[in-house]
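Have a look at the structure below, then the notes.
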Amino acid sequence: MDESTQVSGSEALFARARAVSPGGVNSPVRAFGAVGGTPRFMRSGAGAWLTDVDGNRYVDLVGSWGPMLLGHAHPAVLAAVAETAARGTSFGTPSEPEVALAEEIVARTPVERVRLVSSGTEATMSTLRLARAATGRDLVVKFAGCYHGHVDPLLAQAGSGVVTLGLPGTPGVPDHVAADTIVLPYNDRAAVTAAFAEHGDEIACLITEAAPGNMGVVPPEPGFNAFLAATCRQHGALFVSDEVMTGFRVTRSGQWGLDGAVEGWTPDLLTFGKVMGGGFPAAAFGGRAELMDLLAPSGPVYQAGTLSGNPVATTAGLTTLQHATPEVYERLLSFSGQLQSAVSQALSAAGVAHAIQTAGSMFSVFWGVDGARDFDEAQAQEAWRYRAFFHAMLDAGVYLPPSAFEAWFVSAAHDEEALSRIVAALPVAATAAAAATPSE
Ligand code: PLP
């Protein structure tokens, strides 16, 4: 790694970036705020590996925050994208790839109709509008620690960058907007029951991450999502399952494949993103036909996007999903399992108390606690140990999420070579975590 006193390529770029962009980044967590140091500016990715502008190579366990299920620069995705782009990159008309991607989503998930958008934020934002229009109600219920994008009413006690940066609240969100959001502790049935008992006939929808990954991975307790779906139904509210992170990742049909499909219930609306864009800006929301047909132009609820269903993005997403076979999901689970064991062994050997929580192949490490079932418990961990661990791993060529409150993502391209690099890096990083102090 580059330990010289010269300014590295990443440092030089970060200085340029800070002069023209807030914090030098276009999405806050990338700035290394929680772990300190200079963010690495990446030049290329291939399979499980990233290379930065200084030529340093890293095993990537961020995967662009979820989309890169097949690994970077997958040959089939590149070929399909090149072929599509050569015929023009955006028409502002309907085109074939967006239909094929919508068909694939409908085939894999319980949605009957799907609307394509460009980001997960747009998807969740649009479900709120649709739920409010369908029910004629205003209130929205969400859980502390869940992140649904930077949608005004959903930023209250949000996870991801909001918790990473320790932001106090949601400046810029008018009080009257925040007042329409009820925030509850995750995995807490009594709190849900009480909120619906008090406000049931005013609640348009409850939105939850299908398996939260934005306060670290905090999976739903068995039956929790079914309970949420039933509570919403009982009170005439819509149940919105946010699968932007879990969709097409934890199983071929997302978290719903692990609970709803087995237990026999269906969310009213689902949101998707990340994997279904194959590394391009594409996301979606969907649900029952009669609900989705309230959207313009079938119905009166307006929703639109200049680049929605973009042919290049939808081609990348479709090709990714076509290559996301049952073998790929087995591989992800198996690699993730090996990785979790290696991390756990190294931390135990260094005397670092920890817990690992999973949702499919997604996982995260909780430091100094025996797990977390909600946001308060997630925040009670010794997140400061992560700084030392993160930098030791980075120095040894392993790129982890730059925050303890994020999931680690593996790809189908992670192999023995990638695992060896990680395993070799772990003892030093675990020792650094053991020696860390809160004030560092
Ligand atoms: N919902 C969940 C569960 C997410 O994890 C994210 C992003 O991380 C979003 C929504 C927002 O997606 P985007 O960043 O594409 O706007």
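3J(HN,Hα) couplings calculated from phi for segment 354-369 with the Karplus curve 6.51 cos²θ - 1.76 cosθ + 1.60 (θ = phi - 60°) are, in sequence order, 7, 9, 10, 10, 10, 9, x, 7, 6, 8, 8, 9, 9, 9, x, 9 Hz; Gly and Pro show x. Helix 384-395 and the longest principal axis of the C-alpha atoms of the chain enclose an angle of approximately 60°. Here is the list for segment 85-139: GluC sites (Glu not before Pro) lying in DSSP coil, each with at most 15 other C-beta atoms within 10 angstrom of its C-beta, are E112. Restricted to Cα atoms, segment 373-440 shows a radius of gyration and a Dmax of 13.2, 38 angstrom. Excluding the site residues themselves, the longest part of the chain lacking any chymotrypsin sites (Phe, Trp or Tyr not before Pro) in a DSSP loop with at most 16 other Cβ atoms within 10 Å is 92-301. Across all Cα atoms of segment 75-323, the radius of gyration (one decimal) and Dmax (whole number) stand at 17.6, 57 Å.
Using C-alpha pairs under 8 Å with a sequence gap of at least 6, the mean separation divided by the residue count of segment 45-184 gives a relative contact order of 14 percent.
Gap in Å between the Cα centre of segment 33-100 and the Cα centre of segment 274-307? Centre-to-centre distance over Cα atoms comes out at 23 Å.
Once C-alpha pairs closer than 8 Å and six or more residues apart are averaged by separation and normalised to the residue number of the chain, the relative contact order reads 22 percent. Using every pair of separate Cα atoms, the Kirkwood estimate puts the hydrodynamic radius of the chain at 22.3 angstrom. With the convex hull constructed from alpha-carbon coordinates only, segment 1-159 shows a mean projected area of 13.4 nm² over all directions.
Pairs of Cα atoms in segment 299-369 fall into 10 Å distance bins, from 0 up to the last occupied one, in shares of 16, 27, 21, 20, 13, 3, 0 percent.
Derived scalar couplings between HN and Hα for segment 328-339 equal 4, 5, 4, 4, 4, 5, 5, 5, 4, x, 4, 5 Hz in order, rounded to whole Hz, by the Karplus curve 6.51 cos²θ - 1.76 cosθ + 1.60 (θ = phi - 60°), x for Gly and Pro. From largest to smallest, the equivalent ellipsoid semi-axes obtained for segment 287-440 from the alpha-carbon gyration tensor read 38, 21, 15 Å.
Between the helical axis of 311-323 and the longest alpha-carbon principal axis of the chain there is an angle of about 70 degrees. For the chain, adding -39500 (n - 2.57) for each run of n ≥ 4 DSSP H residues and dividing by the number of residues yields -11500 deg cm²/dmol at 222 nm. Round to the nearest 10 and give me the degree value, 0 to 90, for the angle of helix 75-86's Cα axis relative to the longest principal axis of the chain. Result, in degrees: 60.
Annotation: amide H of W49 within the under-5 Å range of D60, H72, sequence separation 5 or more or interchain, hydrogens built in the peptide plane. Charge dipole (Cα centre; +1 on Lys/Arg Cβ, -1 on Asp/Glu Cβ; no other charges) of segment 75-323 amounts to roughly 360 debye.
No value in this document is a laboratory result; all are computed from the given coordinates. Small disclaimer: the values here were computed from a predicted structure and weren't measured. Virtual Cβ from ideal backbone geometry, glycine too; neighbours counted across all protein chains shown.
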